[in-house]
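Report on the following structure.
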Amino acid sequence: MPKQKKQPVQGSIFATMSASKRAVSPGRAAETVGADVVLPGPSDKLWVLPHGSTTISLHLGDCLAGMRGMAAGSVDVVVTSPPYNLGIRYGVYDDSISRESYLDWMEKWSREVSRVLSSRGSLFFNIAGKPTDPWGPLLTAQRLGKVFQLQNTIHWIKSIAIERSSNGDDHGLEDDINVGHIKPINSPRFLSDAHEYVFHFTKHGDVELDRLAIGVPYKDKSNIGRWKSTAADLRCRGNTWFIPYKTIVSRNRERPHPATFPPRLAEMCIRLHGVSRADLVMDPFMGLGHTAMACVHAGVSCIGHEIDPGYFSVSCANVLKAAQAASKK
Ligand SMILES: C[S@@+](CC[C@H](N)C(=O)[O-])C[C@H]1O[C@@H](n2cnc3c(N)ncnc32)[C@H](O)[C@@H]1O
């Protein structure tokens, strides 16, 4: 029997969704953005965008409540970045609670993620610390370790400097490289923070990945064909991923949110898990919808939750823009 495509549908509210190529929000006073497509109005809590054979469903509300309405094992990949408890100023969420309350909450929602995640699913969990609280991400990952197995630890590198001389004589660079952007830390004690963690959790630590989907070409081409596993000019990228933000100036203009990741980060996670094994992706803390935008690029269905009405409405607009751009390609 052919595998049924999972769709982010649940309960009667989705049953009313039109299958036509329109964004639909039941009961909305919608702003029209095109002949066919509407964005959510101020009282809407759900926005659904059918896109090709996939569906993007974005929910305004608490992710715990949202996930409780979803079927067990219905999600293949979760890519998310919860609040880090660093005192960041979000629109409605208070990001400065006690460590214990924070860790308890991390465990609570991750147990719900575990319930909705399929047995071969992946949770990519992005988190960062700050120089005065370097243990935060590690303690949080350790707490999620009560629920999941830690299968991989990825370092998202936002900025890096590579000296020409460090690259060897044979494969030399023309110049030194200094790429990416970071918020400089002005301190005699601490280095500016140029990375964040992406912890890859699975239920049993044994999920097969599509490593070459995000592979890189061999530097030494004599490796091609040397072993059975090296037929193509691609090797595993490893666990250091350089993904720069846009420049700070353009980012601030476009980004009414203090803590986002680039859609490219989410897309690499989805591709690493394997697009063919990712019928449904979820982001319980979707912010501006960057995971959903990645799903549009990757051609997979997505369900997102966000508690802040302002961020929710920007998410919908971002996803629509991504879908319109993808349709033009
Ligand atoms: C670190 S941000 C995520 C940013 C996102 N990765 C992006 O690139 O735009 C965390 C988000 O979680 C949201 N949030 C906090 N508590 C929530 C909850 N209980 N349910 C859903 N969203 C929540 C915050 O409003 C914030 O936008």
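Details
- For the listed peptides 310-321, 141-152, 278-289, 156-167, a ranking on the average number of other beta carbons within 10 Å per residue, highest first, reads 278-289, 310-321, 141-152, 156-167.
- Packing rank of 102-109, 268-275, 47-54, where each peptide gets the mean count of other beta carbons within 10 Å, highest leading: 268-275, 47-54, 102-109
- Residues whose placed amide H lies under 5 Å from that of S301, excluding near-sequence neighbours: T55, V281
Read-outs: derived from the displayed coordinates by stated rules, not from any lab. Being a predicted model, the structure only gives us computed values, none of them experimental. Reconstructed Cβ throughout: ideal geometry from the backbone, glycine too, with neighbour counts over all protein chains shown.
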